[in-house]
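In what follows, a structure is listed as structure tokens, so that the remarks can point back to it.
The values are calculated or read from the model by the stated rules, or taken from the named source; none is laboratory data. The model shown is predicted, which means the values in this text are computed figures rather than measured ones. Note that each Cβ is placed from the backbone with ideal geometry, even for glycine, and that neighbours are counted across all protein chains shown. For accessibility, only protein heavy atoms count, side chains too; no ligands or nucleic acids. Shrake-Rupley method; radii C 1.70, N 1.55, O 1.52, S 1.80 Å.
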Amino acid sequence: QVQLVESGGGLVQAGGSLRLSCAASGSIASINPMGWYRQAPGKQRELVATITSRGSTNYADSVKGRFTISRDNAKNTVYLQMNSLKPEDTAVYYCNGKTVFYTYWGQGTQVTVSS
């Protein structure tokens with residue numbers, strides 16, 4: 001099994017930027033898609049963005065134009081560049097990866113955006 005470890009979260013002011021990283025313990029070449037989800041207090045976990053092995057991306061409407069997902073299969077890492085952050089982006093962000101047989105989750109990284 002592959003373990004996913006997120007990093008890069010933190011506290012930032014509204015309008016600022018953060019870059020999240022998701023490092024996998026093994027190859028992500030066969031994990032398709034990879035993605036980021038988030039969960040705010042009292043809310044359900046929601047999709048933020050996904051990326052296929054060929055680089056096709058999908059974004060939640062709330063982050064389109066502000067967030068960019070990318071993957072580096074050689075480094076077994078997925079990134080989420082978050083710009084123009086808003087207080088409503090505050091949440092725990094989780095890395096996710098899916099295969100035919102299994103769904104992987106990271107432990108999450110906290111992102112807090114102050115107004």
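In the chain, once you exclude exposed chymotrypsin sites (Phe, Trp or Tyr not before Pro) (DSSP loop, at most 15 other Cβ within 10 angstrom), what's the longest stretch remaining?
Of all site-free stretches, the longest is 1-100.
Hey, how much of the P(r) for the chain falls beyond 22 Å, as a percent of Cα pairs?
In whole percent, the long-distance tail amounts to 25.
Check which residues have an amide H placed less than 5 Å from GLY26's amide H, if you skip close sequence neighbours.
Sorted by chain and number, the residues that satisfy this are GLN3.
Return one whole number: the accessible area per residue of the chain in Å², for a 1.4 Å probe.
Per-residue accessible area for the chain comes out at 53 Å².
Only sites in a loop by DSSP and with at most 16 other Cβ atoms within 10 Å count here; which trypsin sites (Lys or Arg not before Pro) in region 1-108 make the cut?
Here the trypsin sites (Lys or Arg not before Pro) that fit, given the DSSP loop and packing criteria, are LYS43, ARG45, ARG54, LYS64, ARG66, LYS75.
Excluding GLU46 itself, what net charge comes from residues whose Cβ is under 13 Å from its Cβ, given Lys and Arg +1 and Asp and Glu -1?
Net local charge, GLU46 excluded: 0.
So what's the convex hull volume per residue for the Cα atoms of region 52-115, in Å³?
Cα-based convex hull of region 52-115, divided per residue, equals 108 Å³.
Can you give me the % of accessible surface on region 1-72 that is carbon or sulfur? Probe 1.4 Å, all protein chains present, nothing else counted.
44 percent
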